[in-house]
Amino acid sequence: MEDLIHEYRYIALMIGTFFEGETAIILASSLIHKGIFNTLPTVCFAFMGSFISDWIYYTIGRLNGKLFIEKRPKLQAKVQPVTGFFQRNKIQILFTYRFLYGLRVIIPLIIGMSNIRPAQFLFFTVVSGFFWAGTVTFLGYVVGVAFGVSADAIQENLVFVLLGFAAFGILLGYLVQTFVKKNKLT
């Protein structure tokens, strides 16, 4: 596995952050201390994957968001409360949406359907994207050093690693939902 990681590490990281940001970046950054990944390329490739993802959903929202949402009743039910929340908290959301686990597809769609122009969105995606990538890379590095993470350990315990990240994501999503409901943000 280590040879595979060495050969495709940054491309795999970019693809991973496109689909599942935190899991991919934490796995990669936890191997920085072993020299398998380097900090700056890790941040940059993680940023690129999330940036491309954000812009795809923003463009869908911008070009045909309302029709896209209308054809997907389950997504429409999730979009309505988030739209209201976004309208009341635009600037805060634009700077922090990368950290809102479970809402990263819906929020760029909603931003695309809003009056936020592409140049404005570009500014916010660059600033918030690099901040997110840097923060999560730092956290992954700390985890890697604290637990002595290695590529072999990840390979041997891949199921447990993925289950741990999934549990963390579910817990984080639950906490965000609870916070939103408790503070009547929707």
**OP:** Taking only segment 7-62 into account, find how many residues are of a type in the set (G, A, S) and surrounded by fewer than 17 Cβ atoms within 10 Å (Cβ to Cβ).
**Re:** 1
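Every residue, every condition in (1) touching an Asp or Glu at 6+ places or on another chain (Cβ under 6 Å); (2) surrounded by 15 or more Cβ atoms within 10 Å (Cβ to Cβ); (3) of a type in the set (D, E); (4) part of a helix (DSSP H, G or I), yes or no:
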residue	(1), (2), (3), (4)
V79	no, yes, no, yes
G84	no, no, no, yes
Q92	no, no, no, yes
Y97	no, yes, no, yes
Y101	no, yes, no, no
L109	no, yes, no, yes
G112	no, yes, no, yes
N115	no, no, no, no
A119	no, no, no, yes
**OP:** Give the residue that is farthest from Y101 (Cα to Cα), with candidates limited to residues of segment 121-145 that are exposed (fewer than 15 other Cβ atoms within 10 Å of the Cβ) and aromatic (F, W, Y).
**Re:** F123
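Which residues, taken from segment 22-69, are more than 16 Å from P108 (Cβ to Cβ), in contact with a helix residue (DSSP H, G or I) (Cβ under 9 Å, 6 or more places away or on another chain) and either free of Cβ contacts under 8 Å to residues at least 24 places away in the same chain or β-branched (V, I, T) (or both)? Full working, then the answer.
Initially, segment 22-69 is screened for residues more than 16 Å from P108 (Cβ to Cβ), giving 22-46, 67.
Keeping just the survivors that are in contact with a helix residue (DSSP H, G or I) (Cβ under 9 Å, 6 or more places away or on another chain) gives 22-34, 36-39, 41-46.
If the condition is that a residue be more than 16 Å from P108 (Cβ to Cβ), in contact with a helix residue (DSSP H, G or I) (Cβ under 9 Å, 6 or more places away or on another chain) and either free of Cβ contacts under 8 Å to residues at least 24 places away in the same chain or β-branched (V, I, T) (or both), then T23, I25, I26, I32, I36, N38, T39, T42, V43 are the ones that fit.
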Original post:
Of all the residues that make up segment 145-161, how many are outside any helix (DSSP H, G or I) and either modelled with pLDDT under 70 or within 19 Å of A24 (Cβ to Cβ) (or both)?
Top reply: 3
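The values are calculated or read from the model by the stated rules, or taken from the named source; none is laboratory data. The structure presented is a predicted model; accordingly, all values stated were derived computationally and were not measured. Virtual Cβ from ideal backbone geometry, glycine too; neighbours counted across all protein chains shown.
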